[in-house]
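The values are calculated or read from the model by the stated rules, or taken from the named source; none is laboratory data. Bear in mind the structure is a predicted one, so any value in this text is a computation, not a measurement. FYI the Cβ positions are ideal-geometry reconstructions off the backbone, even for glycines, and counts take in every protein chain you see.
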């Protein structure tokens, strides 16, 4: 009967607008008349589609007073507002009416790239209100638009502007938390790049399990089930002033590392198990240091191998993590309270992740080529198609050391063999039995030999980068490590146009999905355009 009534109104009006207007008025009248019945007649728990901006496949009508009054009563935020003075406003984050350095903490949940097209989902409400979204300023990646189509670069630019405003209003030394949800590496990297461009320093990245999934997460097999949470801080005035006085020097670099280590968690534990704090590992500390310099237009004063050697010289190491001297006692005390340390799972998709995987395996057990090869072949099933695939022997030769049986058995191999083979314990390092067991095993080099290896590896990477520069046309398959080495060299030599030109000759996804390449490209692009 109700359906017939609406159809008759639509027929008489002769246009969709009349139908929508009468339907809207009828709904309001129904809410007013049936509110008490809907509110008291039965339970309405779990009848809302939380976090859903469309009409779901399964739904039921809910009293608006239940949704409004019940939610306000349960939300701690509104309870606080009822007791304390607070300001709630709506405005564009790209232009905040807030004084500089006045906010203690920021939590933000930005638009998720191309996951949700907010303007498309608002068409019905905009028709009622007589308004329309300014899609030119909408921070989403929208591939279906005929005009004003937003690319990932434009999305990154808008998010950078927003984060710059947040950086402006946040007090120095204070923190920002960014909750983000996307299955694409390119969009994930763009958010991190926007944060770095704005001046923030990333200190922690972890997953957030909200326990209760949305309708799409529950029903769609490919949907991402957890959010990612980035914790970053605005450098203090003291750090910025000290760095500006010694920018580009080794002293300024170690000053940043000390300040950064002070900001990182000492130990993260859950259910009696501890987690390896990834940000305290040498390669991520190096990445943060490089990013801090590049974002400020400063040359990086040290190579990776020299940096790793300096880390071990100046900072205490525990289980692959580095600490300030005053943090070690605190870590050792907390470590006693956890049964084990859980290493984050690592997926091999390119040369860089393959090197990290090999480091983990060889640090635990120095192995021969025949022992490591079957494991390696199993791990590289997810290797990116556009990434040049290297042979295991080439990766081993450029990054690790093989004991050839000459001289004493190296320390890492001796330590492993004496711990796992009773018959080899207490033997001298040049014992024939020990040498025979250790021969042809690959192991992680000590920092002194690592520097020599890196020089050999750097020459090989730069040779390949030169071949890319001299080749003509688009490059479909490349070695990302060679691009990283070449971009870094060009940055040090102020060859910004070369970085931009090379970035345009490779597939866009290669740049967008690699944080280091994206960082060099974006900064070089700003300098060439400037």
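Before moving on, here are some points about what is shown:
- Test result for residue 165, under 22 Å from the mean Cα position of the chain (by Cα), part of a helix (DSSP H, G or I) and at pLDDT below 80: no
- Those helices (runs of 4 or more DSSP H) of segment 313-394 in which 1 or more residues are in contact (Cβ under 8 Å) with a residue 12 or more places away in the chain and closer than 19 Å to residue 284 by Cα occupy 325-335, 351-364.
- Condition check for residue 409: crowded, with 18+ Cβ neighbours inside 10 Å, modelled with pLDDT of 90 or more and part of a loop (DSSP other than H, G, I, E, B): yes
- Residue 433 being closer than 21 Å to residue 196 by Cα, surrounded by fewer than 16 Cβ atoms within 10 Å (Cβ to Cβ) and more than 26 Å from the chain's Cα centre (by Cα): no
- Complete set of residues in segment 168-202 that are part of a helix (DSSP H, G or I) and closer than 17 Å to residue 229 by Cα: 185, 186, 187, 188, 189, 190, 191, 192, 193, 194, 195, 196
- Options 403, 443: the member that is surrounded by 15 or more Cβ atoms within 10 Å (Cβ to Cβ) and either in the same structural domain as residue 508 (by TED's automatic domain parsing) or over 21 Å from residue 320 (Cα atoms) (or both): 403
- Looking only at segment 506-530, residues that are assigned to a loop (DSSP other than H, G, I, E, B) and under 19 Å from the mean Cα position of the chain (by Cα) come to 2 in all.
- Each residue in segment 434-488 was checked for being part of a loop (DSSP other than H, G, I, E, B) and touching a helix residue (DSSP H, G or I) at 6+ places or on another chain (Cβ under 8 Å), and 7 pass.
- For segment 234-251, the set of residues classified as in a helix (DSSP H, G or I), in contact with a helix residue (DSSP H, G or I) (Cβ under 8 Å, 6 or more places away or on another chain) and free of Cβ contacts under 8 Å to residues at least 12 places away in the same chain consists of 245 only.
- Qualifying residues in segment 285-307 (those that are in a helix (DSSP H, G or I) and free of Cβ contacts under 8 Å to residues at least 60 places away in the same chain) - the one nearest to residue 230 (Cα to Cα): 285
- Count of segment 136-162 residues which are closer than 24 Å to residue 205 by Cβ and at pLDDT 75 or above: 9
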